[in-house]
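Worksheet: the structure to be examined is printed underneath.
The values are calculated or read from the model by the stated rules, or taken from the named source; none is laboratory data. The shown structure was predicted, so the numbers you read here are calculated from the model rather than taken from an experiment. Methodologically, a virtual Cβ is constructed for each residue, glycine included, from the backbone with ideal geometry; neighbour enumeration extends over all protein chains shown. In case anyone asks, the SASA skips ligands and DNA or RNA and just uses the protein heavy atoms, side chains included. Shrake-Rupley method; radii C 1.70, N 1.55, O 1.52, S 1.80 Å.
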Amino acid sequence: LLVELLVKLMDEGAEYVQLGQNDGSDRCHCPECNAFGGVPAEDWGEKLWIFHRRIAERVYKLRPTKTVLIINYGQTARPPKTFRDFPPNVAIECAVSCNSVAHEVWKGYTVPKGFVYYTYHWGNYEQPGYTVQSCVPQLAREARKYVKNGVRMLYRCGYGEKPGTEGPEYYVFNKILQDPSLDEDALFEEYVTACYGPAADEMRKFHQLLEKRILPYSKTREGFSKPGDLYPTVSSTPGGAREVLTMIYPPEVLQELDGHLRKAEDLPDLPWKVTMRLKEVRLEFDYTLKLMKPLHLYQAYRMEPLPQLREALADALVDRNRFLDVLYAGERPITLWQGLKLFYWDKREMVQENGRLRARIVEPLALDPEKVRKGEL
């Protein structure tokens, strides 16, 4: 059945077809599967490697010019132990042992079609959620590693959710993938100058401050905790999303960022394109402002449960909900420029809680403002 499906997809035009177990899949316990591959019944990962290799061998005989992309993930997080060579039509999709570690983990293996890497630099599942997640130094280093290690393709597990506030990061990342000899600081300057024109001075300060604030967090996501580990350290940042965000964005930093953006917006006779870019940045940054105000007030209330703090928290929650009402006038969030997908068009329920998995914030974002006023926290 798998061979038939892979060949069907290839005949429909696919050059690469992914072959891999689903998230959260479990093994069969029947006697045939327990004995499969001649390895212990509990070594389901090795059985999958053997099984996927056999599938690729059969597909190679039928469609030798096409590629079977075998996933290195979950039960197959570690490379196979019973063999070290793959058929000529195989590429490996590294979804856990990414970055420079994958290059070391797969040394000594023959993978004729090379590697595809997952990237986790963005996505609604990381702790910052729908706020800025990465910074230029980190992305420049990672892009150069991909090129150095001969990566053929990237699967971006999240990308493009914030084209305004993360614009410089997207630009630098993609340009260095094209040419790793380029200087990231020069690329950053090129972006700011070309994008903002007369407003470049203030927006340079805006983006530089964002970079400075996100840098300590981004360092926990560059690789792995120690050479033997396969899973990235994205979940090792202390605390949950609420704690991480209040550390990245204290009130004085939010005020300084807002000040730079306002000065840029207030400049006279800005070109239309600059005005529209600033509106996109403002929309995304307002999301951050209206996220952080209830988070800071909630933290303050927990330290000192004063009635005035409770009222301020309720007001902040109401204000944020109204902002989301405007943002989600339809099924998808409003878009300022054709082709841009703010928050990658995620549904409001997701944005309401700042994302999913590690990004999800329930309290105080899910609290009823009127109950908050009554002290029912």
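Determine the distance separating the Cα centre of segment 252-269 from the Cα centre of segment 75-145; give it in Å without decimals.
39 Å
As a test of reading the structure, rank Trp106, Trp272 by solvent-accessible area (1.4 Å probe, protein chains only), most first. List each step's numbers first, then the result.
Numbers: Trp106 10, Trp272 170 Å².
Result of the area sort, largest leading: Trp272, Trp106.
Going by alpha carbons, how many degrees (0 to 90, nearest 10) lie between the helix axis of 272-303 and the longest principal axis of the chain?
So the inclination is approximately 80 degrees.
Specify whether the C-alpha gyration tensor of segment 141-184 places it in the rounded, prolate or oblate class, a ≥ b ≥ c being the square roots of the eigenvalues: rounded for a/c under 1.5, otherwise prolate if a/b is larger than b/c and oblate if not.
Cα axes put segment 141-184 in the oblate bin.
With label points built 7 Å along Cα→Cβ from the Cα atoms of Ala35 and Lys273, find their separation and express it in nm.
Distance between label points: 6.9 nm.
Distance check, please: which entries in Lys47/Lys107; Lys341/Lys374; Lys145/Lys279; Lys8/Lys47 exceed 29 angstrom between their Cα atoms? Kindly include the intermediate steps, with their values, before the conclusion.
Numbers: Lys47/Lys107 21 Å; Lys341/Lys374 39 Å; Lys145/Lys279 34 Å; Lys8/Lys47 25 Å.
Violating the 29 Å Cα-Cα cut-off are Lys341/Lys374; Lys145/Lys279.
Which angle between 0 and 90 degrees, to the nearest 10, do you get for helix 2-11 versus the longest principal axis of the chain when only C-alpha atoms count?
The angle comes out at about 70 degrees.
Give me the net charge of Lys81's neighbourhood, meaning all other residues with Cβ under 15 Å from the Cβ of Lys81; Lys, Arg count +1, Asp, Glu -1. Could you put the intermediate results ahead of the total?
On the way: positive: Lys47, Arg53, Arg78, Arg84, Lys107; negative: Glu42, Asp43, Glu46, Asp85.
Summing Lys/Arg as +1 and Asp/Glu as -1 gives +1.
What's the local net charge at Thr65, with K and R +1, D and E -1, over the other residues with C-beta under 14 Å away? It would help to have the intermediate numbers written out before the result.
Numbers: positive: Lys61, Arg63, Lys66, Lys113; negative: Asp11, Glu15.
Value of the local net charge: +2.
If a/c stays under 1.5 just call it rounded; otherwise compare a/b with b/c (prolate if a/b is bigger, oblate if not). Do that for segment 100-145, with a ≥ b ≥ c from the square roots of the Cα gyration tensor eigenvalues. Could the numbers behind the result be given before it?
Numbers: a/c = 3.26, a/b = 2.19, b/c = 1.49.
Prolate is the answer for segment 100-145, as a/c is 1.5 or above and a/b outweighs b/c.
From the helices alone, meaning DSSP H stretches of at least four residues, give me the mean residue ellipticity at 222 nm for the chain, per-run term -39500 (n - 2.57), in deg cm²/dmol to the nearest 500.
So the helix-based figure for the chain works out to -15500 deg cm²/dmol.
Taking a cut-off of 13 Å, what percent of all Cα-Cα pairs in segment 1-40 are separated by more than that?
Details: 516 of 780 pairs.
Roughly 66 percent, rounded to a whole number.
Heavy atoms of the protein only, probe of 1.4 Å, neighbouring chains included. What is the accessible area of Cys135 in Å², nearest 10?
That residue has around 0 Å² of solvent-accessible surface.
Which part of segment 315-358 falls in the paramagnetic zone of Glu370, meaning amide N under 15 Å from the point 7 Å along Cα-to-beta-carbon?
Correct set: 315, 318.
Per-residue accessible area for Glu184 at 1.4 Å probe radius, Å² rounded to 10?
My reading of the accessible area for Glu184 is about 40 Å².
Calculate, in nm to one decimal, what Val362 and Ser181 gain on full extension: separation in residues at 0.36 nm each, minus their alpha carbon distance.
Working: separation 181, 0.36 × 181 = 65.16 nm, distance 4.38 nm.
Contour length minus the Cα-Cα distance gives 60.8 nm.
What does the highest-first list of 137-150, 12-25, 116-129 look like by mean Cβ count within 10 Å? Mind showing how you got there, number by number?
Details: 137-150: 18.8, 12-25: 12.9, 116-129: 23.3.
Order by mean packing, descending: 116-129, 137-150, 12-25.
What does the accessible area per residue of segment 3-74 come to in Å², with a 1.4 Å probe and no ligands, DNA or RNA counted?
Working: 4010 Å² over 72 residues.
Using a 1.4 Å probe on heavy atoms only, each residue of segment 3-74 averages 56 Å².
For segment 274-377, with all protein chains present and a 1.4 Å probe, just round the carbon and sulfur fraction of the accessible area to a whole percent.
Values: 2830 of 5520 Å².
It is 51 percent, rounded to a whole number.
Could you pull out the pairs from Lys148/Lys205; Lys205/Lys273; Lys162/Lys212 whose alpha carbons sit more than 23 Å apart here?
Numbers: Lys148/Lys205 32 Å; Lys205/Lys273 20 Å; Lys162/Lys212 18 Å.
In this structure, Lys148/Lys205 exceed 23 Å between Cα atoms.
Just to confirm the filter: which chymotrypsin sites (Phe, Trp or Tyr not before Pro) across segment 286-377 are DSSP coil and have at most 15 other Cβ within 10 angstrom of their Cβ?
Numbers: sites: Tyr287, Tyr298, Tyr301, Phe323, Tyr328, Trp337, Phe343, Tyr344, Trp345; in loops: Tyr328, Trp337.
Filter output for segment 286-377: Trp337.
At a Cα cut-off below 30 Å, give the lysines reachable from Lys371, other chains included and same-chain residues fewer than 8 away excluded.
Straight-line reach from Lys371, under 30 Å: Lys290, Lys293, Lys347.
Can you give me the accessible area per residue for segment 239-365, using a 1.4 Å probe, in Å²? Walk me through the numbers before you get to the answer.
Working: 6710 Å² over 127 residues.
For segment 239-365, the solvent-accessible area averages 53 Å² per residue.
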